1. With respect to Gly258, is the statement that it is surrounded by fewer than 20 Cβ atoms within 10 Å (Cβ to Cβ), part of a loop (DSSP other than H, G, I, E, B), of a type outside the set (S, T, N, Q) and under 19 Å from the mean Cα position of the chain (by Cα) true?
2. In the range 221-255, which residue that is more than 18 Å from Ala78 (Cα to Cα) and among the small types (Gly, Ala, Ser) is surrounded by the most Cβ atoms within 10 Å (Cβ to Cβ)?
3. So which of Gly112, Gly119 is surrounded by fewer than 23 Cβ atoms within 10 Å (Cβ to Cβ) and closer than 28 Å to Glu54 by Cβ?
4. Which of the residues spanning the range 127-178 are out of contact with any helix residue (DSSP H, G or I) (no Cβ under 8 Å at 6 or more places or on another chain), away from the ligand (no atom under 14 Å from the Cβ), farther than 18 Å from Phe81 by Cα and not charged (D, E, K, R)?
5. Of all the residues that make up the range 264-299, how many are assigned to a loop (DSSP other than H, G, I, E, B), of a type in the set (Ser, Thr, Tyr) and touching a Ser or Thr at 6+ places or on another chain (Cβ under 7 Å)?
6. So the check is Cβ under 7 Å with 6+ separation or different chains; which pairs have a first residue in the range 178-198 that's in contact (Cβ under 8 Å) with a residue 40 or more places away in the chain and a second one that's part of a helix (DSSP H, G or I) and surrounded by 10 or more Cβ atoms within 10 Å (Cβ to Cβ)?
7. Filter the range 34-47 for residues that are assigned to a helix (DSSP H, G or I) and surrounded by fewer than 16 Cβ atoms within 10 Å (Cβ to Cβ) and give the result.
8. Give the range 64-84 a look and list any residue that's surrounded by 15 or more Cβ atoms within 10 Å (Cβ to Cβ), under 15 Å from Ala156 (Cα atoms) and more than 11 Å from the chain's Cα centre (by Cα), or say none.
Amino acid sequence: MEELKEFNEELRKKNLRGFWEAYQGEVYSEPLSSYEPYLWKWSDVHDAINKAGEVIGLELSSRRVIRLCNPSLKTSVAHTFVLNLQMLKPGEHAVAHRHTNGAIRFVIKGRGAHVVVEGESFEIEEGDFVTTPNWTWHDHINDSDQTMLWLDGLDAPLVRMLQVGFHEPHKEKKQPIFRPEGSALHEFSPIRPNWVRTDSIQPPGYCYKWKDTERVLKSVGERPGDPYDGILLHYVNPLTGGPTLPTLSCGVQMFRPGERTKSHRHTSSAVYHVFRGKGATIIGDERFEWETGDSFVVPLWRFHRHENLTDQEALLFVMTDKPLMDALGFYREERQD
Ligand code: GTQ
């Protein structure tokens, strides 16, 4: 034993390590996520962003953003992505930049501001969903008379872990707008011009309007839906039908009055934001009651189920890292009856 200790020490001096040292016979039979479920109350998040609105100007911080920090991870909501709340006041402009982080926005409050992505301006309002994929120029202009609030989802922890973060400010602060309004809607539709390339791994920047989401929800809302996910709509890459971004999949989930889903677990993680309504999600043996404005995270490989015991529909925005797990062959799911 003394001999082995000496051997281990000798290896360490040479920056080597025996397999027997690190793994004392313990083998993981399944994932054990390093972080726990957590729920943020809207009143806390809302108070925080309102206070930031009073004390933080955009000369101080290029974006006025409050990040949801899972206490067991410290700086992000899940191990692969972050969820932030951003405020842009009337007359403000959040300067143009681009980064390798893929980002999405889900508008919570206000109407009439614009997100500019790669030379096209998209007017946004409550319930709209906008993508600013990896390395696309984006800036935000609030030329409306209302304070805008939206959620930002970014794959930042993943990019940091892979050490592939690039960031570039636009030299003009406001990027030039050279694509007429409606260009994306027309060019990336099922009727599309010959020059549009569909072989890019990154989707084009795109704005999904709430009125369209609502129309689909209405049209499929009477169907049986998914036993584990209720009625789940995905925001797909408009050119390929693939995931929202290569790293993130986003959607809107509806639980109808009285709906209770079955329990399952999977190797993707999910964060939810309650857009409208009230309900509960049971994660492991913990029950999380949620209502409009709350956000909560379901770590990977934790059994979870949802219920809406009210007489109103519950609508949730959901973001997961499933595309990542699918692409790498790590996606697994286990279902309970
Ligand atoms: O709006 O471009 O929440 O660059 C964090 C970083 C938002 C943005 C965030 C960003 C942005």
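The values are calculated or read from the model by the stated rules, or taken from the named source; none is laboratory data. No experiment lies behind these values; they were computed from the predicted model shown. Methodologically, a virtual Cβ is constructed for each residue, glycine included, from the backbone with ideal geometry; neighbour enumeration extends over all protein chains shown.
1. Numbers: surrounded by fewer than 20 Cβ atoms within 10 Å (Cβ to Cβ): yes; part of a loop (DSSP other than H, G, I, E, B): yes; of a type outside the set (S, T, N, Q): yes; under 19 Å from the mean Cα position of the chain (by Cα): no.
Spelling it out, it is not the case that Gly258 is surrounded by fewer than 20 Cβ atoms within 10 Å (Cβ to Cβ), part of a loop (DSSP other than H, G, I, E, B), of a type outside the set (S, T, N, Q) and under 19 Å from the mean Cα position of the chain (by Cα).
2. That would be Gly230.
3. Details: Gly119 fails: closer than 28 Å to Glu54 by Cβ.
It is Gly112.
4. Ser144, Gln146, Pro176, Ile177, Phe178
5. From the range 264-299, those assigned to a loop (DSSP other than H, G, I, E, B) are 267-269, 277, 284-285, 292-294, 299; that's our starting set.
Okay, now just the ones that are also of a type in the set (Ser, Thr, Tyr), so 267-269, 292.
Right, trim to touching a Ser or Thr at 6+ places or on another chain (Cβ under 7 Å) and you get 268-269.
Adding up the residues that qualify gives 2.
6. Filtered contacts from the range 178-198: Val196/Glu187.
7. Just the residues of the range 34-47 that are assigned to a helix (DSSP H, G or I), to begin with: 42-47.
Listed by number, the residues that qualify are Ser43, Asp44, Asp47.
8. Val65, Ile66, Arg67, Leu68, Cys69, Asn70, Leu73, Ser76, His79
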